[in-house]
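The values are calculated or read from the model by the stated rules, or taken from the named source; none is laboratory data. Not measured: the values here are computed from a predicted model. A quick note on method: Cβ atoms are made from the backbone with ideal geometry, for glycine too, and the neighbour counts reach across all protein chains shown. Remember, those area values only see protein heavy atoms, side chains included, never the ligands or the DNA or RNA. Shrake-Rupley method; radii C 1.70, N 1.55, O 1.52, S 1.80 Å.
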Amino acid sequence: MFIPQKIFFEQNVLQYPLGKKLIERYKKMNIPMQIIDSHNNIEELRNRENVDFPKMKQYLILGIRKTHKYVPNHKVSDYLVPYTSSGCIAMCLYCYLVCHYNKCAYLRIFVNKEQMIKKLIDTSNKQEKELTFEIGSNSDLVLENTITGNLQWTIEEFGKYGKGYITFPTKFDMVDCLLNLKHNCKTIIRMSVNPEEIIRKVELGTSTLLNRIDAINKLYKAGYKIGILIAPVIMVENWKELYLELIQILNEKLDEDVKKNIFFEVIFMTYSYVHTKINEEAFPNAIKLYNKENMTGRGKGKYMYKKNLRDEGEIYLRTILKKYFPNNEIIYVV
Ligand code: SF4
């Protein structure tokens, strides 16, 4: 269980049942608390040094989400939906949620969940066709659920009243509480995987590969539609060997009926100057992900793998996926 080192909260969260519940829970545990004006701008955290990054990941911020704008998306979903949390307590060295300075990285929970599910259900019902809504693009909802129970509640509410599908990715295995829910086949869960060596060295604080695979098997048995996200592909020195081994482990450990029905997404790692700075100072002994031989600029302060290497990677991954999962769809490679 995550025990925050400190809570920062907007006073108004006490007007919401979830806010009240969380504040009461952490008061009983004598967790230090501080009132803030806005979850978006916590001066004290904004000015902290990069070296404090892991410490800040131990804080919990409670606020009210004010922006509810859905962004059209054209990958596995039709819209990206701002939902009940943002940030995370894990520390993947490439995390795309780490933006300017440190302020977007720590876990923020938004307590106005009733407002968010209402908009989600109403929007889904207004559509002519069944659309898919990505609710997990700003955080890891399986992780958040261990603190709030929001994901369980969302899956059942959407299952009862929503139209189309909700979907979210995760790197965590705490899924037992999702297995007996009445999801009504309207939830698509996408498990993100990487070779175990990369998980250990880069995806700090997330579940092991074997536990993630076990979670996929259980969720599939519970009737959920499941996808596998190979993401992000990190082209370390022995990447070919590592990713081949990953696909072989998936082939060996996934249940036969899961193998028949899963789909894949593949995403190559992008990186940034901000990551380099935070990681150098906060994790001086960690593996270095920026490699100037292999990477090239992609907009201001951002890096991606050079085209020839990226193309080689795509061909290789498509080839090994075809060999071990010949009938499964690869929705996209980016
Ligand atoms: Fe970021 Fe996801 Fe890793 Fe959390 S689990 S640090 S949200 S990439």
Report task. Would you confirm whether any residue within the stretch 47-62 is open to solvent by 90 Å² or more (accessible area, probe 1.4 Å), within 21 Å of Ser139 (Cβ to Cβ) and either aliphatic (A, V, I, L, M) or in contact with a Leu (Cβ under 9 Å, 6 or more places away or on another chain) (or both)? Result -> no
**Report entry** From the options Ile7, Ile109, residue that is touching a helix residue (DSSP H, G or I) at 6+ places or on another chain (Cβ under 8 Å), over 29 Å from Met191 (Cβ atoms) and modelled with pLDDT of 95 or more
**Finding:** Ile7
Report task. Tell me, yes or no, whether the stretch 90-107 has at least one residue that is of a type in the set (S, T, N, Q) and more than 14 Å from the ligand (Cβ to nearest atom). Result -> no
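Yes/no per residue for (1) within 16 Å of the ligand (Cβ to nearest atom); (2) among the charged types (D, E, K, R); (3) under 26 Å from Thr276 (Cβ atoms):
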| site | (1), (2), (3) |
| --- | --- |
| Ile121 | no, no, no |
| Lys126 | no, yes, no |
| Glu130 | no, yes, no |
| Val142 | yes, no, no |
| Gln152 | no, no, no |
| Ile155 | no, no, no |
| Lys163 | no, yes, no |
| Ile166 | no, no, no |
| Lys182 | no, yes, no |
Query raised in the report: With respect to the numbered conditions (1) part of a helix (DSSP H, G or I); (2) more than 16 Å from the ligand (Cβ to nearest atom); (3) open to solvent by 10 Å² or more (accessible area, probe 1.4 Å), which one is the sole condition not fulfilled by Arg200?
Result: (2)
Query raised in the report: Just checking, how many residues over the stretch 45-89 are hydroxyl-bearing (Ser, Thr, Tyr), away from the ligand (no atom under 16 Å from the Cβ) and in a strand (DSSP E or B)?
Result: 1
Query raised in the report: Among the residues of the stretch 208-235, which ones are in a loop (DSSP other than H, G, I, E, B) and either open to solvent by 10 Å² or more (accessible area, probe 1.4 Å) or closer than 22 Å to Val334 by Cβ (or both)?
Result: Thr208, Ala222, Gly223, Ile234, Met235
Report task. Output the residue which, of all residues in the stretch 161-178 that are touching a helix residue (DSSP H, G or I) at 6+ places or on another chain (Cβ under 6 Å) and open to solvent by 20 Å² or more (accessible area, probe 1.4 Å), is nearest to Val76 (Cα to Cα). Result -> Lys163
Requested in this report: Determine whether the stretch 115-128 contains at least one residue that is crowded, with 22+ Cβ neighbours inside 10 Å, under 22 Å from Gly149 (Cα atoms) and in contact (Cβ under 8 Å) with a residue 60 or more places away in the chain.
Outcome: no
Query raised in the report: Picking from Asn194, Asn238, which residue would you name as being open to solvent by 10 Å² or more (accessible area, probe 1.4 Å) and at pLDDT 95 or above?
Result: Asn238
